[in-house]
Amino acid sequence: MDGINAVRLTLSYGERENLDVLVGTPYLDTRELSADGIERTRGLTDASFEVKWRFWENDLAKLALKP
């Protein structure tokens, strides 16, 4: 019974009309069958910090950069 479940929580804040700041972290829950039974690992993993900048827009489309 091996299994991996992951949930990602991301918070986003519109710093300006064309600039968003995002902070996220995944929560990981794994189960692995071993000779001793089922081993389970749970917890938060690597957090991320992102910035999204929308640098061009018109009525039909928008272009943004999110490195």
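Counting residues that are among the hydrophobic types (A, V, I, L, M, F, W, C), which strands (runs of 3 or more DSSP E) fully inside segment 6-67 reach at least 3? Let's see the steps before the verdict.
Details: elements: 19-34, 37-44, 48-57, 62-65.
Fully inside segment 6-67 and qualifying: 19-34, 48-57, 62-65.
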Of the residues in segment 19-67, those that are of a type in the set (Lys, Arg) and over 18 Å from the mean Cα position of the chain (by Cα) come to ARG31, ARG40, ARG54, LYS62
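Within segment 18-32, can you find the residues that are in contact (Cβ under 8 Å) with a residue 24 or more places away in the chain and open to solvent by 50 Å² or more (accessible area, probe 1.4 Å)?
The initial filter retains those residues of segment 18-32 that are in contact (Cβ under 8 Å) with a residue 24 or more places away in the chain, namely 18-24, 28-32.
Across segment 18-32, the qualifying residues are ASN18, VAL23, LEU28, ARG31, GLU32.
The values are calculated or read from the model by the stated rules, or taken from the named source; none is laboratory data. Bear in mind that the values here come from a model prediction, so they are computed numbers and not experimental data. A quick note on method: Cβ atoms are made from the backbone with ideal geometry, for glycine too, and the neighbour counts reach across all protein chains shown. Ligands, DNA and RNA are excluded from the accessible area calculation, which covers all protein heavy atoms including side chains. Shrake-Rupley method; radii C 1.70, N 1.55, O 1.52, S 1.80 Å.
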